[in-house]
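As structure tokens, the structure follows; a few thoughts come after it.
No value in this document is a laboratory result; all are computed from the given coordinates. On a predicted model such as this, the values are computed, not experimentally measured, just so you know. So basically every Cβ, Gly included, is an ideal-geometry build from the backbone, and we count neighbours across all protein chains shown.
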Amino acid sequence: MIQSYKKKPKLQEKYDSIVIGSGMGGLATAAILAKEGHKVLVLERHYTAGGFTHVFKRKGYEWDVGIHYIGEMQRETSLLKKLFDYITDGELKWADMGNVYDRIIIGNKHYDLVKGAKNFKKQMIAYFPEEEKAINSYVDLVFKAVKTSKNYYISKGIAPIWNTLFGKYLKKPFYKFSDRTTYEVISSLTSNETLIKVLTAQYGDYGLPPKQSSFSMHASVVRHYFDGGSFPVGGSSQIARKVDPVITASGGTILVSAEVAEVIVENNKAVGVRMKDGKVFHADNVISNAGVMTTYNKLLPSTTVQKHRLTKQLQKVNRSVAHASLYIGLEGTPAELGLPKTNYWVYPENGDHDTCINNYLKDMSQPFPLVYLSFPSAKDPDWSNRYPTKSTIDVITLVPYEAFEEWEGTPWKKRGAEYEAKKEEFAQRLLKEVYKQLPQVEGKVNCYELSTPLTTQHFINYKKGEIYGLDHTPARYRQSFLKPKTPVKNFYLTGQDIVTAGIGGALFSGVLTTMAITGKNILKKV
């Protein structure tokens with residue numbers, strides 16, 4: 001049972017493992033460890049569990065803050081599907097989004113991304129008949145790049161001695177793709193900039209435009225959705241809800257409103273955590289799912305950080321992009337309002353993705369470089385049981401932390417009139433885009449609320465409100481410290497920073513971290 005620390009539940013003073021943070025990586029690690037017999041304590045500073053998989057409720061509506069669609073759930077043989085089944089005992093159910101999972105809108109033209117690699121190619125060739133060879137080559141490269149990633153990630157979870165002996169051979173094929181940018185790879189296949197813009201239009205799923213992102217990151221996202229998109233039945237809060245009994249079955253628990261002040265390190269060995277209120281919990285293993293930046297800057301003792309020169313490691317990586325989300329509540333059912341299951345990716349007509357971002361960062365009155373529209377109420381078949389006369393839309397765009405930095409340090413919900421006015425300005429711009437794409441919903445909006453990078457900072461504890469942890473540049477994949485094992489004995493990392501952005505990467509991090517802790521081949525069990 002998920003419990004609140006504020007209500008002073010009955011707890012033990014010692015656990016087999018403590019996990020800091022209940023995001024996807026923390027939940028997955030805790031559940032897999034529980035299956036290995038560990039009594040796990042999951043500590044979450046927020047008042048609800050799940051990290052970017054949680055929902056929030058306002059004015060009779062609920063919104064999913066981070067999950068908008070997941071790939072691979074309709075393919076029973078996929079590793080991610082098996083992993084979700086493993087950590088939830090098969091209790092988490094998924095709804096198929098249908099044939100078209102993403103619609104790319106550039107100016108007045110749209111391009112549908114359809115389910116199935118063959119269908120995807122066929123549809124792209126229909127849009128760009130003169131680019132058939134390039135499109136076929138592109139899809140082949142996506143599969144090749146993804147194939148090399150398995151051994152690369154496994155090298156992160158194996159014992160150091162095996163990594164010394166075999167790590168170079170496990171990683172080398174991967175680096176052929178990860179060392180090159182997305183634009184570098186695709187522009188070697190075609191000079192058609194519109195095709196490149198369409199093929200790279202999902203860059204919002206990992207936060208970096210084509211001329212900056214690693215092709216390996218791009219390929220993993222594209223491959224992830226080739227089999228279509230799915231949405232958790234009952235909303236994304238079902239993930240934590242279905243994982244919780246697995247953790248509880250081994251004597252563990254998830255605690256919310258439970259902020260960790262510091263990891264306790266004695267003789268270079270993690271022995272437990274000290275809570276914000278001073279209470280201490282001990283454990284044989286301590287695992288941080290708080291992100292590598294937060295972990296090294298806030299959670300480890302400064303003497304430990306200095307001893308292992310951990311801040312020097314952090315200088316080799318950058319924080320990912322920040323964003324704003326507009327959560328809209330509407331009167332009327334998804335069917336009445338004509339809301340699609342398909343996600344809309346909306347882009348300016350002129351300029352490539354990198355140019356649009358640069359123009360926007362120089363002058364934020366320029367068009368948004370991307371606007372993403374998601375329709376969770378249309379995707380979830382259980383929605384009408386919970387909210388029979390209502391609908392929701394989520395709208396996301398890139399917003400640099402600096403746009404709201406002057407209000408840093410002000411309390412949530414009490415940031416002042418100027419802050420609210422700036423939020424309203426962004427909200428109206430995004431609403432205008434919604435009405436342009438879905439004119440039928442104008443006049444049906446009952447309420448809306450905008451989250452800013454400061455909101456992300458407040459709830460997720462990422463210093464600059466970053467959504468994807470670390471940037472997915474080619475250099476990021478060369479950093480050997482981004483792995484579960486740290487220089488501190490019995491202290492481990494998990495989450496998207498040691499794999500890749502998003503739910504799939506964070507989920508798989510649970511496997512790698514558990515492998516590093518137990519020395520067992522968890523993949524065989526899954």
message = Could you tell me what a quarter of the Cα convex hull surface of the stretch 377-484 works out to, in nm² with one decimal place?
response = 10.6
query = All other residues with a Cβ under 11 Å from the Cβ of F215 taken together, and with Lys, Arg as +1 and Asp, Glu as -1, what is their net charge?
reply = +1
message = I need the Kirkwood Rh of the stretch 449-500: take the reciprocal of the average 1/r across all distinct C-alpha pairs and report it in angstrom.
response = 12.7
ask   = Along the charge dipole of the chain, which of G207, V260, V40 sits closest to the positive end, that is, farthest toward it, with unit charges on the beta carbon of Lys, Arg, Asp and Glu (+1, +1, -1, -1)?
value = V40
inquiry  = I'd like the distance separating the alpha-carbon centroids of the stretch 293-337 and the stretch 437-467, in whole Å.
reply    = 16
task = Give me the percent of Cα-Cα pairs in the stretch 236-287 that sit more than 18 Å apart, rounded to a whole number.
result = 45
message = Going Cα to Cα from K39, which aspartates and glutamates come in below 15 Å? Please leave out same-chain ones fewer than 8 positions away.
response = E13, D16, D244, D284
task = Treating cross-link reach as a plain straight distance, find the aspartates and glutamates whose alpha-carbon is under 16 Å from the alpha-carbon of K6, omitting any fewer than eight places away in the same chain.
result = E44, E259, D277
task = Please order R180, R75 by the number of other Cβ within 10 Å, starting at the fewest.
result = R75, R180
task = Kindly count the pairs of lysines across the stretch 125-227 whose alpha carbons are less than 16 Å apart, treating pairs on different chains or eight or more residues apart as eligible.
result = 15
ask   = With the Cα gyration tensor of the stretch 319-460 giving a ≥ b ≥ c as the square roots of its eigenvalues, does the rule (a/c under 1.5 for rounded; else a/b larger than b/c for prolate; else oblate) give rounded, prolate or oblate?
value = oblate
remark   = Note, W63: beta-carbon cut-off 12 Å, +1 each Lys/Arg, -1 each Asp/Glu, net -1
remark   = The orientation-averaged projected area of the Cα convex hull of the stretch 217-321, in nm², is 10.1
ask   = Under 18 Å Cα-Cα from K57, which aspartates and glutamates qualify once same-chain neighbours fewer than 8 residues away are excluded?
value = E331, D380, D382, D394, E449
inquiry  = If you average the alpha carbon positions of the stretch 27-74 and of the stretch 391-430, how far apart do those two centres end up, in angstrom?
reply    = 25
message = Restricting to DSSP H runs of at least four residues, report the calculated mean residue ellipticity at 222 nm for the chain, -39500 (n - 2.57) per run over all residues, nearest 500 deg cm²/dmol.
response = -11000 deg cm²/dmol
message = Restricting to DSSP loop positions (anything but H, G, I, E, B) with no more than 14 other Cβ atoms inside 10 Å of their own Cβ, which trypsin sites (Lys or Arg not before Pro) remain in the stretch 294-382?
response = R309, K316
ask   = In what order do W407, W412, W345, W94 fall by count of nearby beta-carbon atoms within 10 Å, going from fewest to most?
value = W412, W407, W94, W345
key: Least to most buried among L370, L92 (fewest other Cβ within 10 Å first)   = L92, L370
query = Mean 1/r over all different Cα pairs, inverted: what Kirkwood radius does the chain give, in Å?
reply = 23.6
request  = Find the all-direction average of the projected area of the Cα convex hull for the stretch 125-227, expressing the result in square nanometres with one decimal place.
outcome  = 7.0
ask   = For K316 and M1 in the same chain, what is the full-extension length gain: residue separation times 0.36 nm, less their Cα-Cα distance, in nm?
value = 109.4 nm
inquiry  = With +1 on the Cβ of every Lys and Arg and -1 on the Cβ of every Asp and Glu, and nothing else charged, how large is the dipole of the stretch 319-460 about its Cα centre, in debye rounded to the nearest 20?
reply    = 360
